[in-house]
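S.K.: I am attaching a structure below and will ask some questions about it afterwards.
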Amino acid sequence: MTLTSGTRLGPYEILGLLGVGGMGEVYRARDTRLEREVAVKVLPAAFSRDPDRLRRFEQEARAAGTLNHPNILTIHDIGTHEGAPFVVSELLQGETLRQRLEGGAIPSRKTIDYALQAARGLAAAHQKGIVHRDLKPENLFLTTDDRLKILDFGLAKLIQPEPPSGDTADAVTVAALTEPGMVMGTAGYMSPEQVRGRPVDHRADLFAFGAILYEMLTGRRAFAGASAVEAMHAILKEDPTERSSTPAELPPALERVVRHCLEKSPEQRFQSAQDLGFALEAASGLTSATAIAPAAVVPAPKRRLWPALAGVVILVAVALASFFAGGRAGQTSRPQFQRLTFRRGIIGRARFAPDGQTVVYGAGWDLDPWQLFSTRPGNTESRPFGMQADISAISSSGEMALLAGAPRRGPPFVGTLARAPLAGGAPRDVLDNVRDADWAPDGKSLAVVRVAGGRNRIEFPIGKVVYDSPSRIGGLRLSPKGDRIAFVEAGATICVVDLSGKKTTLSAGWIEVTAPVWSSSEEVWFSAPDGKTPPAVRAVTLSGKLRLVERGVGALILQDISRDGRVLVTNVTWKGGIHILPPGETKERDLSWLDWSELADLSADGKTLLFNETREAGGPMGAIYLRKTDGAPAVRLGEGEGLALSPDGKWVLTMTRAAPPQLVLLPAGAGEARSLPNEGIHPLGASWFPDGDRLLVVGREPGHAARNYALRLSAGGLRPITPEGVLGGVLSPDGKVIAVTGPGRKLALYDVEGGDPRPVPGDTAGYSPIRWSADGRTVYVRRPGEVPIQVYRLDLATGRKELWREIAPYDPTGILYIAPILITPDGKSYAYSYARHQVDLYVVEGLR
């Protein structure tokens with residue numbers, strides 16, 4: 001049944017058809033009583049004869065009608081028309097998340113914003129006992145003011161929540177719609193239990209949420225296949241975060257959230273949408289200040305929706321000065337912290353030797369390769385062992401269990417287990433593919449975590465499997481009596497297994513947990529954030545009773561506990577900086593300013609930098625700076641995000657952090673700021689045309705995917721210049737052509753005045769353009785990858801690539817990412833941003 005304009009459904013007058021879906025037809029209508037426009041969903045007559053579909057449709061109305069939340073579609077009314085039921089809801093203006101994803105991945109900051117809204121909506125539904133069971137991008141709607149709404153509870157299963165005090169007034173109960181063995185949902189977003197046709201609860205929604213979050217961050221479906229069967233097989237057998245993601249594509253803190261959502265077993269996932277929301281809030285507090293976007297299908301101009309950096313959003317970024325500021329309630333004396341390491345670099349694991357004074361740790365200092373060191377409190381220097389390894393454990397008899405090799409970013413990593421005497425001597429290889437190891441209390445045998453065939457196995461002694469899991473296992477520690485093994489499963493759950501293989505979960509639902517350490521035979525200590533604050537030292541008994549041991553303003557990352565109760569912790573700090581090779585110079589210069597300097601633009605002559613301070617020093621709205629590359633002090637221009645310098649150097653193109661953002665021109669010298677009209681689009685970034693009178697704007701119109709537009713400053717008016725979903729890129733020297741990553745992630749040339757795109761010959765898949773050469777014949781390109789970054793000159797006529805330069809700071813210690821890279825037209829000067837982390841080791845007395 002298709003309704004024509006003017007049809008009346010009670011007080012609702014149909015204005016037009018909005019869309020057709022699996023659960024019915026949706027119309028735009030006018031509520032004649034309240035004089036407002038609404039949406040009316042009508043179940044087609046053919047479907048209304050299906051009792052099961054009719055029951056599900058009616059349940060959607062009842063379920064959603066009990067909810068009153070800004071992130072859930074508001075239901076106004078329900079009725080019937082000629083035997084067909086209909087539901088009246090608020091009328092939304094905007095686009096579905098699926099439509100938004102047609103433009104590629106979504107910047108990390110915006111992804112977290114959308115994800116938080118979805119998590120809050122889910123939490124409200126789950127508290128009412130409502131499980132959606134069909135979450136997917138099509139069922140998430142983004143309004144024009146960037147509010148996310150959850151749609152379509154047509155597959156919702158209502159479960160009876162247990163009233164907290166016998167009060168059932170707010171409880172909603174509806175009979176289950178499906179029986180065990182019946183599969184319902186959408187392939188690619190169903191949880192494993194849905195695929196298997198088993199009963200589901202609210203944790204199925206959290207699995208689908210993880211798949212959607214992964215897709216927003218990477219632009220790819222988490223579980224894809226040529227058919228629904230292949231997609232469902234991937235859900236049961238594959239892990240997208242390990243199968244296809246790279247550190248440059250999935251920020252670590254968000255990767256942990258995704259991984260925790262996508263655990264195959266419901267017990268290993270977040271246990272509530274509220275906990276999930278806390279995890280996202282923690283990630284938001286560390287990523288929102290970075291203004292770094294994840295790897296998109298295509299990059300944006302100048303603002304550059306850069307590939308997401310590895311480590312920018314992890315949960316251990318802290319200020320060293322505030323490391324000791326926290327305290328514990330009820331404690332009369334404060335713990336005493338003594339610093340053990342003083343060099344620049346990163347530290348892996350650290351362990352006390354049997355004497356309780358000597359500390360052994362693995363580290364990469366300055367420009368030196370990764371090594372094993374020992375030190376003692378009171379020493380300012382550490383003694384190298386002369387071997388490239390990380391410490392896993394030290395036996396009571398003074399023998400070390402080592403993981404040979406150098407972790408790229410610290411443990412956990414999988415390597416070769418070796419044994420070596422603490423007093424000195426060459427290591428002896430024992431076993432390959434080991435992630436962790438610990439000595440038995442008698443010092444004669446080892447427990448290990450061995451990784452093989454996609455499985456993680458705890459063996460004790462080596463060769464005897466005590467526990468086997470498809471999830472990542474790390475942080476292995478034997479109890480003081482040697483009768484239990486504590487470990488971390490899936491990066492977020494503290495578990496204990498006895499020697500018969502009986503596993504007990506002590507504490508679950510954390511964002512990320514560091515290796516547990518036994519403080520006694522009945523209690524395990526670990527470090528974890530609570531979703532609102534950085535990691536703190538916590539304790540859990542074998543019965544599951546939690547307590548806070550110590551919380552600082554910054555992170556306390558637990559490493560080890562000595563027999564006399566002293567504690568080893570590491571502290572991690574982060575720095576975002578800028579390096580430049582100025583004109584006429586042969587060595588790079590560090591022009592970092594405050595705590596997180598992020599490059600935005602480099603003038604054509606290489607003499608001026610535009611950059612942003614995006615963390616604490618930049619304030620909540622961010623700060624924009626100009627600085628001469630000769631090293632003169634930086635000049636603060638104002639708040640917001642700097643995007644690009646005008647060709648004549650007189651104006652700075654910026655963008656506010658309002659919702660929606662506003663493009664603003666700030667004078668580089670004296671003058672008044674000038675706000676530019678959004679012209680009905682949501683701007684995502686912008687850069688200048690060479691003529692200085694036009695802007696290349698990346699944005700999206702309501703209901704459409706993002707694309708490139710041209711905005712003429714002297715006349716106004718936005719004109720699209722690329723198809724929807726094709727955005728970003730760099731302009732040719734004459735401003736007539738834009739080089740952009742197009743469909744298939746291959747480079748293509750688009751004429752600004754229109755016409756079909758011209759593919760660039762050669763293998764260009766995955767390459768991002770940086771800028772054109774001055775003669776317009778070549779384009780500088782790069783691919784995301786490990787440091788150093790390789791930059792090539794790509795001949796546009798032949799497709800031939802020539803390595804131009806490898807770019808990395810002179811001291812690569814602790815470097816996590818390099819982005820963006822900017823080059824002058826003559827290729828003689830360049831600048832880039834980088835992120836570096838620093839780890840220091842402390843011994844603490846007085847923790848209880």
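The values are calculated or read from the model by the stated rules, or taken from the named source; none is laboratory data. Keep in mind that what you see is a predicted model, and the values were worked out from it rather than measured. Every residue, glycine as well, gets a Cβ built from its backbone with ideal geometry; the counts of neighbours run over all protein chains shown. These accessible areas exclude ligands, DNA and RNA; they are computed on the full protein's heavy atoms, side chains included. Shrake-Rupley method; radii C 1.70, N 1.55, O 1.52, S 1.80 Å.
S.K.: Give me the percent of accessible area attributable to carbon and sulfur for the range 697-848, probe 1.4 angstrom.
M.R.: Roughly 47 percent of what the probe reaches on the range 697-848 is carbon or sulfur.
S.K.: Another question, if that's okay. So, taking all protein chains as they sit and a 1.4 Å probe, how much accessible area belongs to SER445, in Å² rounded to tens?
M.R.: 30 Å²
S.K.: Please compute the net charge surrounding LEU581, taking Lys and Arg as +1 and Asp and Glu as -1 over other residues with Cβ under 14 Å from its Cβ.
M.R.: With Lys, Arg at +1 and Asp, Glu at -1, the neighbours total -2.
S.K.: Let me check something: with ligands and nucleic acids excluded, how do THR798, THR7, THR375 order by accessible area (1.4 Å probe), largest to smallest?
M.R.: Of THR798, THR7, THR375, the descending order of accessible area is THR798, THR7, THR375.
S.K.: With a ≥ b ≥ c the root eigenvalues of the C-alpha gyration tensor of the range 619-679, is it rounded (a/c under 1.5), prolate (a/b larger than b/c) or oblate? Let's see the in-between values first.
M.R.: Details: a/c = 2.32, a/b = 1.43, b/c = 1.62.
Here the range 619-679 falls in the oblate category.
S.K.: Now, a different point. Hey, if we sort ARG783, ARG349 by accessible area with the 1.4 Å probe, largest down, what's the order?
M.R.: On the way: ARG783 115, ARG349 20 Å².
If we order ARG783, ARG349 from most to least accessible, we get ARG783, ARG349.
S.K.: May I pose another question? So, R0 is 30 Å and r is the distance between the beta-carbons of ARG777 and GLU724; what FRET efficiency does that work out to, to 0.05?
M.R.: E between ARG777 and GLU724, to the nearest 0.05, is 0.50.
S.K.: If you roll a 1.4 Å probe over the heavy atoms of the protein chains, what accessible area per residue do you get for the range 738-848, in Å²?
M.R.: Numbers: 4540 Å² over 111 residues.
I get 41 Å² per residue for the range 738-848.
S.K.: Solvent-accessible area of LYS264, probe 1.4 Å, all protein chains present, reported in Å² to the nearest ten, please.
M.R.: 60 Å²
S.K.: Which shape class applies to the range 679-743: rounded if a/c is under 1.5, otherwise prolate when a/b exceeds b/c and oblate if not, where a ≥ b ≥ c are the square roots of the Cα gyration tensor eigenvalues?
M.R.: oblate
S.K.: What order, most packed first, do the peptides 677-683, 656-662 have when packing is the mean number of other Cβ atoms within 10 Å of each residue? Don't skip to the answer; put the middle values down first.
M.R.: Working: 677-683: 17.0, 656-662: 14.9.
Listed from highest to lowest mean packing, they are 677-683, 656-662.
S.K.: Rank these by accessible area, largest first, 1.4 Å probe: MET621, MET400.
M.R.: MET621, MET400
S.K.: Also, I was wondering about something else. Please calculate how many Å² of accessible area the range 450-512 carries per residue, with a 1.4 Å probe and no DNA, RNA or ligand atoms counted.
M.R.: With all protein chains present, the range 450-512 gives 36 Å² per residue.
S.K.: For a quick check of understanding: with a 1.4 angstrom probe and all protein chains in place, what accessible area in square angstrom does PHE385 have, to the nearest ten?
M.R.: 40 Å²
S.K.: Checking the table LYS481/LYS503; LYS136/LYS264; LYS41/LYS110; LYS587/LYS801 against a 22 Å threshold on Cα-Cα, which pairs fail?
M.R.: Over 22 Å apart, Cα to Cα: LYS41/LYS110; LYS587/LYS801.
S.K.: Can you give the local net charge around PRO723? Use residues other than it whose beta-carbon is closer than 11 angstrom to its beta-carbon, Lys and Arg +1, Asp and Glu -1.
M.R.: -2
S.K.: A further question on this structure: Between the alpha-carbon centers of the range 451-482 and the range 802-848, tell me the distance in whole angstrom.
M.R.: Value for the Cα centre distance between the two parts: 35 Å.
S.K.: To continue, here is another question. With every protein chain present, what is the per residue accessible area of the range 647-718 (1.4 Å probe, Å²)?
M.R.: Result: 40 Å² per residue.
S.K.: How would you classify the range 564-669 from its alpha-carbon gyration tensor, with a ≥ b ≥ c the square roots of the eigenvalues: rounded for a/c under 1.5, else prolate if a/b is greater than b/c, otherwise oblate?
M.R.: Numbers: a/c = 3.31, a/b = 1.42, b/c = 2.33.
Oblate, since a/c reaches 1.5 and b/c is not below a/b.
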